[in-house]
Amino acid sequence: MLKALIFDVDGTLADTERDGHRVAFNSAFHELGLDWVWDAPLYGKLLEVTGGKERIRFYVDSFCPDFSKPKDFDDLVLALHKAKTRHYVELLGRGGIPLRNGVKRLLNEARESGIRLAIATTTTPENVTALLRNTLGGDAAEWFEVIAAGDIVPAKKPAPDIYFWALDKLKLDAARCLAVEDSENGVKSSVGAGLKTVVTVNDYTLDHPFPGVVAVLSDLGEPGRPFRMLSGEAPGQDCVDLDLLRYWHAKF
Ligand code: XBP
Ligand code: MG
């Protein structure tokens, strides 16, 4: 029996990366006097590494051969990431990023049906609450029984640890839950934790491989704005609702 849905955040609940996180990173670099600029294609490559602090380090190591790290480089990374989080939360506060198609509808249906909700994400906890507050209203963080986020586990996605942490807090076996993800790293993490997983892709993840998932879709769909099925089966359905999730959960 399906008991809980565990959602990824970035790329899944909302398209936050290109016009949200990327913009906030660039604002932080500018604020701290660095001439680094992450354009949209470069950011696609940087998404290989999850976690903002980890991504900054990956950028320096892989794309800035001439940058000589100062002695206090660790502090610089922390200061950049703190500034980035502030810029990102401000951007969300201006209503900069809407939820993806079908997300609000499915969350509401799950709440009405007593399906438990959780989040498993690499991003910083305050980014999650800011997104939920600005898109769903002041109390939306409380819709989620568990919010597993950021540095709460040392090994970020693609490691399964963040999903194990969420399952532990939910006190549920993976077999009773379904994950919703958008990326290869996310799927490695959720499938690695033993979760049946549904994928909704975005521009950055369209070509990612998703071995072991139950379905890959353009988005969750809305009545009159159906999803496109990229792999898997959804007999007679044009949006993802609990009936379809229960069907996938039971069948695959
Ligand atoms: C999300 C991420 C995060 C955000 C930045 O991945 O990769 O790193 O881009 O977050 P997922 P912070 O959707 O798989 O969780 O800067 O707050 O770390
Ligand atoms: Mg994601």
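The figures follow:
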{"quantity": "Output for region 64-82, where each listed residue is more than 18 Å from T124 (Cβ to Cβ) and open to solvent by 80 Å² or more (accessible area, probe 1.4 Å)", "calculated": "P65, D66, S68, K69, K71, D72"}
{"quantity": "Matching residues in region 157-175 - criterion: being assigned to a loop (DSSP other than H, G, I, E, B), open to solvent by 30 Å² or more (accessible area, probe 1.4 Å) and within 16 Å of ligand 1 (Cβ to nearest atom)", "calculated": "P158, P160"}
{"quantity": "Set A120, A166: member being within 14 Å of ligand 2 (Cβ to nearest atom) and either more than 15 Å from the chain's Cα centre (by Cα) or modelled with pLDDT of 95 or more (or both)", "calculated": "A120"}
{"quantity": "Residue count for region 129-156, restricted to those that are within 9 Å of ligand 1 (Cβ to nearest atom) and in a helix (DSSP H, G or I)", "calculated": "2"}
{"quantity": "Subset of region 132-156 [more than 16 Å from G186 (Cβ to Cβ), open to solvent by less than 40 Å² (accessible area, probe 1.4 Å) and either of a type outside the set (F, W, Y) or within 14 Å of the chain's Cα centre (by Cα) (or both)]", "calculated": "L132, T135, L136, G137, A140, A141, V146"}
{"quantity": "Subset of region 18-43 [under 24 Å from A179 (Cα atoms) and open to solvent by 30 Å² or more (accessible area, probe 1.4 Å)]", "calculated": "R18"}
{"quantity": "Elements of type strands (runs of 3 or more DSSP E) contained in region 176-239, each with 3 or more residues being more than 16 Å from ligand 2 (Cβ to nearest atom) and at negative phi", "calculated": "229-231"}
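The values are calculated or read from the model by the stated rules, or taken from the named source; none is laboratory data. The model shown is predicted, which means the values in this text are computed figures rather than measured ones. Glycine gets a Cβ as well: all are built from the backbone with ideal geometry, and neighbour counts include every protein chain shown. Quick note on the areas: whole protein, heavy atoms, side chains included, nothing else; ligands and nucleic acids left out. Shrake-Rupley method; radii C 1.70, N 1.55, O 1.52, S 1.80 Å.
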